Amino acid sequence: MAISCEPWYVATVQVLWGLPCCRATLIEPTEVVELMETANRSGGARISRIRHGSNWASWIVVTVAVAVSPAVTSCELFEEDAGPNGDEEAKLYSLLMNHRQEKGLPSIPLSSSLTHVAQTHARDLVDNYQFGDNSCNMHSWSDKGKWTPCCYTADHAQAACMWNKPGELTSYQGNGYEISYGGSKGYHATADLAFRAWKGSSGHYSTIVNEGIWKDVTWNAIGIGINKEYAVVWFGKEVDK
């Protein structure tokens, strides 16, 4: 799945007789999407035509309502959270989801809550973390914000400090699990560099593709933050409502 800044639209079809074939359909437009009702049939049937670029598709559905409404794009999600690297964040999401699809795994829905956590942590790392500090790794949080600070050590003694951050910072109803990437001051973290590094690290890679301790876990939410020297991705089991 390639991510672009074009809006996606959801065509919602409510079926009068509960036909299993007709449910919400996600349409990614190349130019413009229009929903046109061209005819009404007896019993509530109508022909709906959806324009997808220059191509037209027509079908008859038994329906009581048809509506088209815009859905949030990955670009809008990153822009709304005021991340300084929205394009790189969208690119990293694309790289991760494309790779999961290559492995036969489903895409993970973008979460506004986990994106906020990811971008908040990336900013905190830029402003307050001392890269190369062997006592506190990049899962640590400073005492400079409205969250519980912690020094995350290699023995995972402070694991709850990471897990709890979505609940501390957002209304997300579940724990968060983070993978991180970064460098010293002046380094420029990018989507490509982070993705390449995680692919080469078994612990990080297993989180991305649900292997090892994550093999029986289903990720239902993901958030991404990139800021200067750091890139972080947060995964969650619960759907972001």
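The values are calculated or read from the model by the stated rules, or taken from the named source; none is laboratory data. The structure presented is a predicted model; accordingly, all values stated were derived computationally and were not measured. As a convention, Cβ positions derive from the backbone with ideal geometry for all residues, glycine included, and neighbour counts pool all protein chains shown. Ligands, DNA and RNA are excluded from the accessible area calculation, which covers all protein heavy atoms including side chains. Shrake-Rupley method; radii C 1.70, N 1.55, O 1.52, S 1.80 Å.
Specify which of the listed residues (106, 149) is in contact with a Phe, Trp or Tyr (Cβ under 6 Å, 6 or more places away or on another chain), without any contact (Cβ under 8 Å) to a residue 40 or more places away in the chain and open to solvent by 40 Å² or more (accessible area, probe 1.4 Å).
Numbers: 106 fails: in contact with a Phe, Trp or Tyr (Cβ under 6 Å, 6 or more places away or on another chain).
So the residue among 106, 149 that is in contact with a Phe, Trp or Tyr (Cβ under 6 Å, 6 or more places away or on another chain), without any contact (Cβ under 8 Å) to a residue 40 or more places away in the chain and open to solvent by 40 Å² or more (accessible area, probe 1.4 Å) is 149.
Working only within the stretch 109-125, note down all residues that are in a helix (DSSP H, G or I) and either closer than 22 Å to residue 190 by Cβ or open to solvent by 70 Å² or more (accessible area, probe 1.4 Å) (or both). Talk me through it step by step, then tell me what you get.
Of all residues in the stretch 109-125, those in a helix (DSSP H, G or I) come to 112-125.
Selection gives 114, 115, 116, 117, 118, 119, 120, 121, 122, 123, 124, 125.
Of all residues being surrounded by 15 or more Cβ atoms within 10 Å (Cβ to Cβ) and in a loop (DSSP other than H, G, I, E, B) in the stretch 184-209, which is farthest from the chain's Cα centre (by Cα)? Just the residue, please.
189
Please work out which one of (1) within 15 Å of the chain's Cα centre (by Cα); (2) assigned to a loop (DSSP other than H, G, I, E, B) is the condition residue 93 fails and give its number.
(2)
Given (1) part of a helix (DSSP H, G or I); (2) open to solvent by less than 40 Å² (accessible area, probe 1.4 Å); (3) farther than 26 Å from residue 240 by Cα, where does residue 161 come up short, assuming only one miss?
The single condition residue 161 does not satisfy is (3).
Give me the pairs: first residue in the stretch 177-196 and more than 18 Å from residue 132 (Cα to Cα), second residue in a loop (DSSP other than H, G, I, E, B), beta-carbon distance under 7 Å, and six or more apart or on different chains, which are they?
Correct list of pairs: 178/139.
Determine the pairs where a residue that is farther than 12 Å from residue 123 by Cα, located within the stretch 133-146, has a partner that is open to solvent by 30 Å² or more (accessible area, probe 1.4 Å) with Cβ atoms under 6 Å apart, the partner being 6 or more residues away or on another chain.
Matching pairs, first to second residue: 136/151; 140/151; 143/149.
Tally up the residues in the stretch 83-102 that are more than 16 Å from residue 196 (Cα to Cα) and surrounded by fewer than 19 Cβ atoms within 10 Å (Cβ to Cβ), please.
Qualifying residue count for the region: 3.
Might you let me know whether the stretch 210-217 holds any residue that is open to solvent by 10 Å² or more (accessible area, probe 1.4 Å) and in contact (Cβ under 8 Å) with a residue 60 or more places away in the chain?
Within the stretch 210-217, the first condition is being open to solvent by 10 Å² or more (accessible area, probe 1.4 Å), and the residues that meet it are 210-217.
Subset that is in contact (Cβ under 8 Å) with a residue 60 or more places away in the chain: 210.
Yes, the stretch 210-217 contains at least one residue that is open to solvent by 10 Å² or more (accessible area, probe 1.4 Å) and in contact (Cβ under 8 Å) with a residue 60 or more places away in the chain.
Kindly provide the set of residues from the stretch 118-140 that are farther than 16 Å from residue 162 by Cβ and among the aromatic types (Phe, Trp, Tyr), ordered by number.
131
Please verify whether residue 139 is modelled with pLDDT under 95 and either surrounded by 12 or more Cβ atoms within 10 Å (Cβ to Cβ) or over 23 Å from residue 90 (Cα atoms) (or both), treating the condition exactly as stated.
Details: modelled with pLDDT under 95: no; either surrounded by 12 or more Cβ atoms within 10 Å (Cβ to Cβ) or over 23 Å from residue 90 (Cα atoms) (or both): yes.
For residue 139, the condition - modelled with pLDDT under 95 and either surrounded by 12 or more Cβ atoms within 10 Å (Cβ to Cβ) or over 23 Å from residue 90 (Cα atoms) (or both) - is not met.
Regarding the stretch 126-146, can at least one residue be identified that is of a type in the set (D, E, K, R) and assigned to a helix (DSSP H, G or I)? Walk me through it before giving the result.
Step one: filter the stretch 126-146 for residues of a type in the set (D, E, K, R), giving 127, 133, 143-144, 146.
If we keep only those that are assigned to a helix (DSSP H, G or I) as well, we get 127.
Yes - at least one qualifying residue is present in the stretch 126-146.
Would you pick out the residues in the stretch 164-183 that are surrounded by 13 or more Cβ atoms within 10 Å (Cβ to Cβ), of a type in the set (S, T, N, Q) and in a loop (DSSP other than H, G, I, E, B)? I'd like the intermediate steps shown before the answer.
As a first pass, look at the stretch 164-183 and keep what is surrounded by 13 or more Cβ atoms within 10 Å (Cβ to Cβ): 164-170, 172-183.
Next, from what is left, pick out any that are of a type in the set (S, T, N, Q): 164, 170, 173, 175, 180.
Correct list: 164, 170, 173, 175.
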